[in-house]
Amino acid sequence: MDWNRIEGNWKQFKGKIKEQWGQLTDDEIDKMEGSREVFEGKIQEKYGIGKDQAKRNVDDWLKTLH
């Protein structure tokens, strides 16, 4: 799945995001408004990982979506 589809349907993917990254709050997810850069940055911050790892984690997650 490509990010444009996620971004365009951000509210619909909110539950899937919470399943994968439970440390993210609803408010944080809402404020991202579908921005991949902000999303990856928040994952880095919450999980204490590097930028490259956050990007890989998001890429891997995208592969699981249908």
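The values are calculated or read from the model by the stated rules, or taken from the named source; none is laboratory data. Worth saying up front: this structure is predicted, and the values here are computed from it rather than measured. Cβ: placed from backbone, ideal geometry, glycine included. Neighbour counts: every protein chain shown.
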Inset, instruction - For the stretch 41-49, state whether one or more residues are surrounded by 15 or more Cβ atoms within 10 Å (Cβ to Cβ), under 9 Å from the mean Cα position of the chain (by Cα) and not β-branched (Val, Ile, Thr). - result: yes
Inset, instruction - Looking at (1) in contact with a Leu (Cβ under 8 Å, 6 or more places away or on another chain); (2) in a helix (DSSP H, G or I); (3) in contact (Cβ under 8 Å) with a residue 40 or more places away in the chain, find the lone condition where Trp61 falls short. - result: (1)
Inset, instruction - Go through the stretch 1-40 residue by residue and tally those that are in a helix (DSSP H, G or I), under 9 Å from the mean Cα position of the chain (by Cα) and of a type in the set (Gly, Ala, Ser). - result: 0
Inset, instruction - Return the only residue of Gln12, Gln20 being under 21 Å from Gln53 (Cα atoms) and polar (S, T, N, Q). - result: Gln20
Inset, instruction - Return yes or no: is Glu7 at pLDDT 95 or above and either hydroxyl-bearing (Ser, Thr, Tyr) or surrounded by fewer than 16 Cβ atoms within 10 Å (Cβ to Cβ) (or both)? - result: no
